[in-house]
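Enquirer: I'd like to ask some things about the structure below.
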Amino acid sequence: MVIEDFDLPGFIAATLAEDLGQGGDITSAATIPADAMLTAVMNSRDAVTVAGLPVAAMFFQALDPDAEITTHAAEGTAVPPGTVLMTIRGNARAVLAAERSALNTAQHLTGIATLTRAHVDAIAGTGATLLDTRKTLPGMRMLEKYATRMGGATNHRLRLDDGVLIKDNHIAVAGSVEAAVSAAKAAGLSGIVVEVDTLDQIEPALAAGADRLLLDNMPPPVLRQALAIIAGRVPSEASGGVNLQTIRAIAETGVTYISVGRITQSAPAADIGLDFA
């Protein structure tokens, strides 16, 4: 498995090193023969959208390169409770030592994909596209954004150098919307997204050359007014306080995109366990 701009082997090694410490799994070493073999199944105890199984497999293979691993669910697929996701047969000490790292990662990424899918389903048929944000755990962004893709979202910018987003603080320091946009264009930047908090910022942002407007913390009635002013001249993005209870009404206003931080920031871990056969 390859995730662009992410050192997955390094992540696997660092995560295992964090858990194994200097002495390794001292409990397994004391209680289990070195040549003992073990078959285990990873299963979902909830209805989930799967993400991260190839990463989980890498943890087991890092400690037992000869481990036989069979994945039973494709990434991005929805499965019911009780689904066997993966079967692992390998050295017992290695499987047990890798168990927590593998489960933590699969639970976290599957939790993100599952919550993302719920938001995608909530806006089905509206024409709006769900975006993720940079509200991710330090060091985990590329994995978490991979998980949102498995849940059906589209990635927003990956890094600060991956797109131009002029926010309220940029505008405050620059002095005005027009000044901020003009400075970005003078720097040779394109694809300029501008956050607007009020309706009276829309025309100045468009006149200055904004390529997309992020309509921040606007309830649906205000969003409709904003979209009437924009009149299709640029794509629109709704953001701020979006959740499963509010996202449908936001999508039905006709916005192009909806960005949701909570799909990465607040996704609960999926209930995935490892049972031994």
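The values are calculated or read from the model by the stated rules, or taken from the named source; none is laboratory data. Please read these numbers as outputs of a predicted model, since none were measured by experiment. Reconstructed Cβ throughout: ideal geometry from the backbone, glycine too, with neighbour counts over all protein chains shown. Heads up: the accessible areas ignore ligands, DNA and RNA and are worked out on the full protein's heavy atoms, side chains in. Shrake-Rupley method; radii C 1.70, N 1.55, O 1.52, S 1.80 Å.
Enquirer: Let me have the 222 nm mean residue ellipticity of the chain computed from DSSP H runs of 4+ only, each contributing -39500 (n - 2.57), with the sum over all residues rounded to the nearest 500.
Expert: -12500 deg cm²/dmol
Enquirer: Find which of L137, A74, A249 sits farthest along the positive direction of the dipole of the chain, computed with +1 on the beta-carbon of Lys and Arg, -1 on that of Asp and Glu, about the Cα centre.
Expert: A249
Enquirer: K185 accessible area, nearest 10 Å², 1.4 Å probe?
Expert: Approximately 100 Å² for this residue.
Enquirer: Moving to a separate point now. Report the local net charge at K135: Lys and Arg +1, Asp and Glu -1, summed over other residues whose C-beta lies under 10 Å from its C-beta.
Expert: Values: positive: R134, R141, R262; negative: D132, E144.
So the environment of K135 carries a net charge of +1.
Enquirer: Binned at 10 Å from 0, what are the whole-percent values of the Cα-Cα distance distribution for the stretch 178-240, short to long?
Expert: 24, 56, 19, 2
Enquirer: While we're looking at this one, here's another question. Once you have a ≥ b ≥ c as the square roots of the Cα gyration tensor eigenvalues for the stretch 1-94, tell me rounded if a/c is under 1.5, and otherwise prolate or oblate according to whether a/b is larger than b/c.
Expert: oblate
Enquirer: Can you give me the % of accessible surface on the chain that is carbon or sulfur? Probe 1.4 Å, all protein chains present, nothing else counted.
Expert: Carbon and sulfur together cover 53 percent of it.
Enquirer: What is the sum of charges around H170, taking Lys and Arg as +1, Asp and Glu as -1, for the other residues whose C-beta is under 14 Å from the C-beta of H170? Don't jump to the answer; show the numbers that get you there.
Expert: Details: positive: K167, K185; negative: D168, E178, E195, D197, D216.
Within the 14 Å Cβ shell, the charges total -3.
Enquirer: Calculate, for the chain, the solvent-accessible area per residue in square angstrom, rolling a 1.4 angstrom probe over the heavy atoms of the protein chains.
Expert: Per-residue value: 45 Å².
Enquirer: For a quick size check, give me the Cα extents of the stretch 162-204 along its three principal axes, largest first, whole Å.
Expert: Per principal axis, max minus min of the Cα coordinates gives 26, 18, 17 Å.
Enquirer: Rounding to the nearest 20 debye, state how big the charge dipole of the stretch 150-277 is about its Cα centre with +1 on each Lys and Arg Cβ and -1 on each Asp and Glu Cβ.
Expert: Value, rounded to 20: 180 debye.
Enquirer: Between beta-carbons, use under 11 Å as the cut-off and find the net charge around A97, counting Lys and Arg +1, Asp and Glu -1.
Expert: Within the 11 Å Cβ shell, the charges total -2.
Enquirer: Bin by bin, in steps of 5 Å, what percent of the Cα pairs in the chain do you find, going until the bin that has the longest distance?
Expert: The calculated distribution, bin by bin, is 1, 6, 12, 14, 14, 13, 10, 8, 7, 6, 5, 3, 2, 1, 0.
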